[in-house]
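All remarks here apply to the structure that follows.
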Amino acid sequence: MNFRRLLLQIAEIYRFISRFFKEAIFPPYEGREIMRQCFAMGNKSWFLITFTAFIAGIVFTKQSRPSLASFGAESWLPSLVSQAVVRSLGPLITGLICAGKLGSNIGAELGSMQVSEQIDAMEVSGTRPFSYLVVTRVMATTLMVPILVVYTDVVGLLGSFFMVNSINNSSFLLFFNEVAESITYLDIFSSLIKSAFFGFAIGIVGCFAGYHSDKGTTGVGKAANIAVVVSMLSIFILDLVTLQVINLFRR
């Protein structure tokens, strides 16, 4: 019975994702609602991302410096930090924060609408609730997470600069010249593509959990919990897969 339930769940997920692509590609489009969701998601996440990225840049720089100093390679610190932040640390920080902040919000919001039968009422009135509720949120997370990743990278590198400056009194121009020399276009584009997959996973998991939540008040909490946990697991899996693919282009 558990295996059968698993197969039915996989089939339901496949139908849900197929329906998303169908309604996202063909008109009518909900452009205004997508922009509203993008603004709301960015507004909800930017302060937490700013604080976390700045502290992460400081901590990573402080922890990396002794290892490089033991080999007499302390001057490589800006290059090491910039590659770590752009390639992995920035997308992971942004993805995990958005999974906790946005994924839970999407799951709880759609779950409460499902419990209160608002989605059924929208279907009866012919307002295309799937396109308005699901497609807009998934598109918004897919668009906003890469933008937030760029912001995270900048803030993380600023935190790293303040730590390096406090130790070596290094200039701002020298630090970011070394950063620019160590980062390639492949690092930037791969980071943005990876973060777009993170955003899609956060949106689709949160919407699926909320759209298919159980009836009753416990269903809302369960939907939010599933959205966060599964989104974070998906981010780590996608990070591993994209790392293997990107390494093929670096050879």
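The values are calculated or read from the model by the stated rules, or taken from the named source; none is laboratory data. Note that this is a predicted model, so its numbers are computed, not measured. A quick note on method: Cβ atoms are made from the backbone with ideal geometry, for glycine too, and the neighbour counts reach across all protein chains shown. The area values use the complete protein model at the heavy-atom level, side chains included, leaving out ligands, DNA and RNA. Shrake-Rupley method; radii C 1.70, N 1.55, O 1.52, S 1.80 Å.
General remarks:
- Listed by first and then second residue, the pairs with beta-carbon distance under 9 Å, at least 6 apart or on different chains, first residue in the stretch 103-120 and without any contact (Cβ under 8 Å) to a residue 60 or more places away in the chain and more than 19 Å from residue 145 (Cβ to Cβ), second part of a helix (DSSP H, G or I) and of a type in the set (S, T, N, Q), are 118/112; 120/114.
- Test: residue in the stretch 128-140 that is in contact with a Gly (Cβ under 6 Å, 6 or more places away or on another chain) and either within 25 Å of residue 15 (Cβ to Cβ) or free of Cβ contacts under 8 Å to residues at least 60 places away in the same chain (or both): yes
- Listed by first and then second residue, the pairs linking a residue in the stretch 31-57 that is free of Cβ contacts under 8 Å to residues at least 12 places away in the same chain to a residue that is open to solvent by 10 Å² or more (accessible area, probe 1.4 Å) and in a helix (DSSP H, G or I), with Cβ atoms under 7 Å apart and 6 or more places separating them unless they lie on different chains, form an empty list.
- Looking across the stretch 134-150, the residues that are closer than 20 Å to residue 21 by Cβ and either crowded, with 24+ Cβ neighbours inside 10 Å or out of contact with any Leu (no Cβ under 7 Å at 6 or more places or on another chain) (or both) come down to 134, 135, 136, 137, 138, 139, 140, 141, 142, 143, 144, 145.
- Across the stretch 111-127, the qualifying residues are those that are touching a helix residue (DSSP H, G or I) at 6+ places or on another chain (Cβ under 8 Å) and of a type in the set (A, V, I, L, M, F, W, C), and the one among them that is surrounded by the fewest Cβ atoms within 10 Å (Cβ to Cβ) is 122.
- Scan of the stretch 166-210 for residues that are at pLDDT 85 or above, open to solvent by 20 Å² or more (accessible area, probe 1.4 Å) and either β-branched (Val, Ile, Thr) or within 22 Å of residue 229 (Cα to Cα) (or both), ordered by number: 183, 184, 188, 193, 196, 197, 200, 205, 208
- Contacts under 9 angstrom Cβ, first residue in the stretch 63-82 being closer than 16 Å to residue 170 by Cα, partner among the basic types (Lys, Arg), 6 or more apart: 74/65; 77/65
- Check on residue 81, surrounded by 16 or more Cβ atoms within 10 Å (Cβ to Cβ) and part of a helix (DSSP H, G or I): yes
- Looking across the stretch 1-58, the residues that are of a type in the set (Ser, Thr, Tyr) and either touching a Lys or Arg at 6+ places or on another chain (Cβ under 8 Å) or part of a helix (DSSP H, G or I) (or both) come down to 14, 18, 45, 50, 52.
- Tally of residues being modelled with pLDDT of 85 or more and either open to solvent by 70 Å² or more (accessible area, probe 1.4 Å) or touching a Cys at 6+ places or on another chain (Cβ under 7 Å) (or both) across the stretch 11-53: 16
- Residue count for the stretch 212-242 satisfying the condition of being among the acidic types (Asp, Glu), open to solvent by 30 Å² or more (accessible area, probe 1.4 Å) and over 14 Å from residue 107 (Cα atoms): 0.
- Of the residues in the stretch 116-134, not one is charged (D, E, K, R), out of contact with any Ser or Thr (no Cβ under 6 Å at 6 or more places or on another chain) and over 25 Å from residue 210 (Cβ atoms).
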